[in-house]
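Asks: This is the structure I have questions about; it appears just below.
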Amino acid sequence: MGKIYFRTLAYNAEKTIRRCVDSILNQTYRSEDVVLYICDNGSTDGTYDILKEYAEKDSRVVLYQNKKNHVWEGEEIRPFKDMTVSLKEDDYFCALDADDSYELNFLEEMIPFLEENKLDIAVCGSNHISGENNLLLGKRCVENNLFVLTPEAFSDCFQEYHGFMRTVWGKVYNKRAAEALGFFEHLPEERKHLKNQLDYGCDTFLTFSALREAERVGVYKGILHNYYISRKSVSYQYSENRIYSDKILYDDALEFLNVKCGQVSIKNQLFIQMVYHNALNDTIKVLVSSDATGEQKLHDIFDIFSDERTLASITLGQYAEPNQGFLEIRKHLFDFAINFFKDNIQYMPEEKFLELCYAAELMSATVENAELWLFFKKRRINYYVIKNMFLEARELLDELLE
C-alpha cells in the first residue's frame, strides 16, 4: 500500500492556510499514509511561519520555501518540483489550493471509488463559496456517478466531464495520471512551450495533459471539495497574453478530442465554441475594466473578432438550431463586436482595415443586422475607391446592388 501525496503552493495565504492544511491532515481514511508537500512561494506575510509550525509538529508535512514568487531557482526545492514524477506505482496524488479545503471524508469516499473501478483519475464535486463572505454561490456535481472508460465515452460524455477537468484539484490521480500533469518542466517540449505562454488557464491545460494519458476516469456524485472564489485570482486580471491564452485552450480542447477519440463531433465542436465564447465574454469584461491603454484595448478587441476561432461559429451555426444556448451567446458576442467596430472604425489599423470590415460584415449578417452589414460593406467599397482599386470596388458594388 503506497502513500497519498498532497501538493499545495501557498502565497500570502495566512488567512486561509490553516483551513487548507487541517482539511488534509485530518482526513478520516488512511491519514497515516498522507504526506503533504507544501511550498511557501515567496510570501511576504506570515504564511511561512504558520507552515513551519505545522512541519515542526507533524512529520507528514514536508515544507519547502521558494525565495521569490514564481521564480523557481535552487536545488533545495527540486523535490517539490519533481514530486509527481517521483511517485511509486502504488502511490496516489491530490492537489489543493491554499485557500480551499477538502471535506474530512474526501479520501474515505474517493480512494475506494478509484480502486473499485480501476480508475486513473477519480473526480469529486465542489462547493463554490465566496472568499469574501463564505456564502455558498453554487455547486458543481453530477446526480449519479459518471464513468468514462472508452474512447467513445470520452467523446460522448465530453460535455458532462469537461467542467470538472478545468481544475487540478478535486481529484485523486494514480501515478501515471499524476506524472502526466506535467507540473513545472515535466511536459513534452511542444506542450511545455504552449504552457509557458499561458497567463491563465494553466490548471485546465495541465489537467487535460493528465486526461490525455488516462484510460479510465470517474466522476463521483459526492461533493467533497470546497472552492473559495476570490476576485483577486488571475482569472479576473488583465494581462497582455490573456487573449492568446484563450486561443491556446480552445485549440487544446479540439486537439484533445482528436487525439483521444479520433474526431471532434459536431456536438462537441459547438460545445467547445460555446465555452470559448464564454471565455471571450469574460476576457472582454476584464479588458474593458482594466487600466490597459485605449490603444491596447482596441488592439485586443480587434484581434478577438478577426480571429478564425471566433468566426468559426458562423459556419457552425447551421448545426446549432436546437442549441439555443449557443445561439444566444454568439448573438451577444457578435452584437457587441459589430457595434464596437462601428464606433471605433476610425481606429482600425490600416493594414487590417479590410479584414476587420469583412469580419464585421460576416458577424452582422449572422445576427441579421442589415443596417450594420450595409455600413461595413460601404466602408470596404470606399476604401477600394480611395486606393484606386476600382475593379475590387466594382465587384463589391455589384454584390450590393444584387
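Here's the yes/no breakdown for (1) exposed (fewer than 13 other Cβ atoms within 10 Å of the Cβ); (2) modelled with pLDDT of 95 or more; (3) among the polar types (S, T, N, Q):
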| position | (1), (2), (3) |
| --- | --- |
| 297 | no, no, no |
| 303 | no, no, no |
| 328 | yes, no, no |
| 348 | no, no, no |
| 353 | no, no, no |
| 369 | no, yes, yes |
| 388 | yes, no, yes |
| 392 | no, no, no |
| 399 | yes, no, no |
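Asks: Does residue 185 satisfy being in contact with a helix residue (DSSP H, G or I) (Cβ under 8 Å, 6 or more places away or on another chain), part of a helix (DSSP H, G or I) and either surrounded by 15 or more Cβ atoms within 10 Å (Cβ to Cβ) or of a type in the set (Asp, Glu) (or both)? Spell out the reasoning first.
Replies: Details: in contact with a helix residue (DSSP H, G or I) (Cβ under 8 Å, 6 or more places away or on another chain): yes; part of a helix (DSSP H, G or I): no; either surrounded by 15 or more Cβ atoms within 10 Å (Cβ to Cβ) or of a type in the set (Asp, Glu) (or both): yes.
Spelling it out, it is not the case that residue 185 is in contact with a helix residue (DSSP H, G or I) (Cβ under 8 Å, 6 or more places away or on another chain), part of a helix (DSSP H, G or I) and either surrounded by 15 or more Cβ atoms within 10 Å (Cβ to Cβ) or of a type in the set (Asp, Glu) (or both).
Asks: Within the stretch 111-126, can you find the residues that are farther than 15 Å from residue 166 by Cα and either in contact (Cβ under 8 Å) with a residue 60 or more places away in the chain or of a type in the set (Gly, Ala, Ser) (or both)? Full working, then the answer.
Replies: First, pick out the residues of the stretch 111-126 that are farther than 15 Å from residue 166 by Cα: 111-120.
Those that are farther than 15 Å from residue 166 by Cα and either in contact (Cβ under 8 Å) with a residue 60 or more places away in the chain or of a type in the set (Gly, Ala, Ser) (or both): 111, 113, 114, 117, 118, 119, 120.
Asks: Now, a different point. Could you please let me know if residue 194 is surrounded by 21 or more Cβ atoms within 10 Å (Cβ to Cβ) and farther than 24 Å from residue 141 by Cα? Please lay out each step first, then the result.
Replies: Details: surrounded by 21 or more Cβ atoms within 10 Å (Cβ to Cβ): no; farther than 24 Å from residue 141 by Cα: yes.
Against the criterion (surrounded by 21 or more Cβ atoms within 10 Å (Cβ to Cβ) and farther than 24 Å from residue 141 by Cα), residue 194 does not qualify.
Asks: Can you go through 281, 268 and tell me which one is touching a residue at least 24 places away in the same chain (Cβ under 8 Å), in contact with a Ser or Thr (Cβ under 7 Å, 6 or more places away or on another chain) and closer than 24 Å to residue 362 by Cα?
Replies: Details: 281 fails: in contact with a Ser or Thr (Cβ under 7 Å, 6 or more places away or on another chain).
So the residue among 281, 268 that is touching a residue at least 24 places away in the same chain (Cβ under 8 Å), in contact with a Ser or Thr (Cβ under 7 Å, 6 or more places away or on another chain) and closer than 24 Å to residue 362 by Cα is 268.
Asks: Working only within the stretch 197-228, note down all residues that are of a type in the set (A, V, I, L, M, F, W, C), crowded, with 19+ Cβ neighbours inside 10 Å and over 24 Å from residue 85 (Cβ atoms).
Replies: The answer is 219, 224.
Asks: Let me ask another. If we keep just the residues of the stretch 27-50 that are polar (S, T, N, Q) and farther than 15 Å from residue 110 by Cα, which is surrounded by the fewest Cβ atoms within 10 Å (Cβ to Cβ)? Break it down into steps so the answer makes sense when it comes.
Replies: Residues of the stretch 27-50 polar (S, T, N, Q): 27-28, 31, 41, 43-44, 47.
Filter once more, so that each one left must be farther than 15 Å from residue 110 by Cα: 41, 43-44, 47.
On the way: 41: 23, 43: 21, 44: 9, 47: 23.
Here the residue is 44.
Asks: Step by step: first the residues of the stretch 347-381, then only those that are of a type in the set (A, V, I, L, M, F, W, C) and not in a helix (DSSP H, G or I), then the one that is farthest from the chain's Cα centre (by Cα). Which residue is that?
Replies: Of the residues in the stretch 347-381, the ones of a type in the set (A, V, I, L, M, F, W, C) are 348, 353-354, 356-357, 359-360, 362-363, 365, 367, 370, 372-376, 381.
This time we only want the ones that are not in a helix (DSSP H, G or I), so: 348, 367.
Working: 348: 30, 367: 28 Å.
The qualifying residue farthest from the chain's Cα centre (by Cα) is 348.
Asks: With 103, 109, 89 as the choices, which residue is exposed (fewer than 13 other Cβ atoms within 10 Å of the Cβ) and at pLDDT 95 or above?
Replies: Numbers: 103 fails: exposed (fewer than 13 other Cβ atoms within 10 Å of the Cβ); 109 fails: exposed (fewer than 13 other Cβ atoms within 10 Å of the Cβ).
89 is the lone residue from the list that is exposed (fewer than 13 other Cβ atoms within 10 Å of the Cβ) and at pLDDT 95 or above.
Asks: Let me ask something additional. Between a residue in the stretch 141-167 that is in the same structural domain as residue 181 (by TED's automatic domain parsing) and any residue that is assigned to a helix (DSSP H, G or I) and among the basic types (Lys, Arg), which pairs come within a Cβ distance under 8 Å, given they are 6 or more apart or on different chains?
Replies: What qualifies is 151/260; 154/260; 155/260; 159/267.
Asks: Could I ask something else about it? Which number in (1) exposed (fewer than 15 other Cβ atoms within 10 Å of the Cβ); (2) under 19 Å from the mean Cα position of the chain (by Cα); (3) at pLDDT 95 or above marks the one condition that residue 150 misses?
Replies: Against the list (1) exposed (fewer than 15 other Cβ atoms within 10 Å of the Cβ); (2) under 19 Å from the mean Cα position of the chain (by Cα); (3) at pLDDT 95 or above, residue 150 comes up short only on (2).
Asks: Given the structure, is residue 358 modelled with pLDDT under 90, surrounded by 13 or more Cβ atoms within 10 Å (Cβ to Cβ) and either aromatic (Phe, Trp, Tyr) or in the same structural domain as residue 294 (by TED's automatic domain parsing) (or both)?
Replies: Working: modelled with pLDDT under 90: no; surrounded by 13 or more Cβ atoms within 10 Å (Cβ to Cβ): yes; either aromatic (Phe, Trp, Tyr) or in the same structural domain as residue 294 (by TED's automatic domain parsing) (or both): yes.
It is false that residue 358 is modelled with pLDDT under 90, surrounded by 13 or more Cβ atoms within 10 Å (Cβ to Cβ) and either aromatic (Phe, Trp, Tyr) or in the same structural domain as residue 294 (by TED's automatic domain parsing) (or both).
Asks: Only one of 114, 87, 107, 137 is over 19 Å from the mean Cα position of the chain (by Cα) and assigned to a loop (DSSP other than H, G, I, E, B); which? Steps first, please.
Replies: Values: 114 fails: assigned to a loop (DSSP other than H, G, I, E, B); 107 fails: assigned to a loop (DSSP other than H, G, I, E, B); 137 fails: assigned to a loop (DSSP other than H, G, I, E, B).
Answer to the selection: 87.
Asks: Take the residues of the stretch 295-346 that are more than 19 Å from residue 250 (Cα to Cα) and of a type in the set (Val, Ile, Thr): which is nearest to the chain's Cα centre (by Cα)?
Replies: This residue is 338.
Asks: Got a number for residues in the stretch 1-46 being touching a His at 6+ places or on another chain (Cβ under 8 Å) and in a loop (DSSP other than H, G, I, E, B)? Before you say what the answer is, go through the steps one by one.
Replies: The first filter runs over the stretch 1-46 and keeps only residues touching a His at 6+ places or on another chain (Cβ under 8 Å), leaving 41-42.
So of that shortlist, the ones also in a loop (DSSP other than H, G, I, E, B) come out as 42.
Total meeting the criteria: 1.
Asks: Taking the stretch 158-172 as the search range and keeping residues that are surrounded by fewer than 17 Cβ atoms within 10 Å (Cβ to Cβ) and not charged (D, E, K, R), which one is nearest to residue 17 (Cα to Cα)? It would help to see each step written out before you state the result.
Replies: Residues of the stretch 158-172 that are surrounded by fewer than 17 Cβ atoms within 10 Å (Cβ to Cβ), as a first pass: 159-160, 163, 166.
Now restrict to residues that are not charged (D, E, K, R): 159, 163.
Numbers: 159: 33, 163: 26 Å.
The qualifying residue nearest to residue 17 (Cα to Cα) is 163.
The values are calculated or read from the model by the stated rules, or taken from the named source; none is laboratory data. For clarity, every value in this text was computed on a predicted model and none was experimentally measured. Positions of Cβ are generated from backbone atoms using ideal geometry, with glycine treated the same way; all protein chains shown enter the neighbour counts.
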